[in-house]
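Taking it in order: structure first as structure tokens, then the write-up.
The values are calculated or read from the model by the stated rules, or taken from the named source; none is laboratory data. What you see is a predicted model; the values in this text were computed from it and never measured. Cβ coordinates were reconstructed from backbone atoms using ideal geometry, including for glycine residues, and neighbour counts include every protein chain displayed. Protein only, heavy atoms only, side chains kept; ligands, DNA and RNA dropped before computing areas. Shrake-Rupley method; radii C 1.70, N 1.55, O 1.52, S 1.80 Å.
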Amino acid sequence: MLLGRFRAAVSLTLALLVGCAQQPQVHDGPVVFITLNSLRADVVTALGGADPELTPNLDRLMGSADWAGRAISPSSAVVPATAALLTGLRPWQNQVILQGGSALSPDLLTLPEALKAVGYTTYGYYHGHWMERENGYGQGFDSYELLGDGDDAIDLLSRLPPGRELIWVHIPEPQPP
């Protein structure tokens, strides 16, 4: 019951902020949201990492972004951290606390659902069985696919139109070449 009221309050707040303003304050371009599992900030050169040759492509991507920087995860486990990113709620609030077996409640409003409400088309590329659609992590995505080798995500990003799209790409742990 409380979660349903939270969802209604967030939806009403979003409608008031977007629908009642004379000039809606909604970003009109695409939103590309990239998350990397288990990547420490001290190895990324743009975030103060030591070796400038370690992450050159990531550094270029971060340099071209409107915003890129450090984020502090609310959990060291990927499932609660992802649930927090998608809902804006801490693990104790969204009740996704454990790494295994923690589904995201359909009563919670997710980032893709909120952006769909203001006209975005949403795409998600996930990694790992714990983030499958049946566990709730596909809520609000028009297209939600396993990342695999990343070719589909790369293809979508390479032909990204300038309209309202959300593309979330969750990349597994970085591996040495």
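Would any residue of the stretch 90-120 have its amide N under 15 Å from a label point 7 Å out along Cα→Cβ of Asp66? List them or say none.
Within reach of a label on Asp66, which here means backbone N under 15 Å from a point 7 Å along Cα→Cβ, the stretch 90-120 contributes 115-116, 118-120.
Label the stretch 42-119 by shape, choosing from rounded, prolate and oblate, from the square roots a ≥ b ≥ c of the eigenvalues of the Cα gyration tensor; if a/c is under 1.5 it is rounded, and otherwise prolate applies when a/b is larger than b/c, oblate when it is not.
It is oblate, given that a/c is not under 1.5 and a/b is not larger than b/c.
Length gain on complete extension for the stretch Asp42 to Ile97, per 0.36 nm per residue less the alpha carbon to alpha carbon distance? Numbers along the way, then the final one.
Working: separation 55, 0.36 × 55 = 19.80 nm, distance 2.63 nm.
Residue separation times 0.36 nm, minus the Cα-Cα distance, leaves 17.2 nm.
Could you grab the relative contact order for the stretch 22-86? Cα pairs under 8 Å, six or more apart, rounded to a whole percent. Numbers along the way, then the final one.
Values: 36 pairs, mean separation 11.4, N = 65.
Value for the stretch 22-86: 18 percent.
First check a/c for the stretch 95-140, with a ≥ b ≥ c the square roots of the eigenvalues of its C-alpha gyration tensor; if it is under 1.5, answer rounded, and if not, answer prolate when a/b is larger than b/c or oblate otherwise.
Since a/c reaches 1.5 but b/c is at least a/b, the shape of the stretch 95-140 is classed as oblate.
Dividing the Cα radius of gyration by the Kirkwood radius, what Rg/Rh value follows for the stretch 74-177? Please report the intermediate quantities before stating the final value.
On the way: Rg = 13.9 Å, Rh = 14.3 Å.
When Rh is taken as the Kirkwood radius, the ratio is 0.97.
Give me the extension gain from Phe33 to Glu53: residue separation times 0.36 nm, minus the current Cα-Cα distance, reported in nm with one decimal.
Computed gain between Phe33 and Glu53 is 4.8 nm.
Roughly to the nearest percent, how much of the accessible area of the stretch 67-145 is carbon and sulfur, given a 1.4 Å probe?
Answer for the stretch 67-145: carbon and sulfur cover 55 percent of the accessible area.
Using a 1.4 angstrom probe, figure out how much accessible area the stretch 38-161 has per residue, in square angstrom, rounded to the nearest whole.
57
At 7 Å along Cα-to-Cβ for each site, give me the label-to-label distance between Arg90 and Asp149 in nm.
4.3
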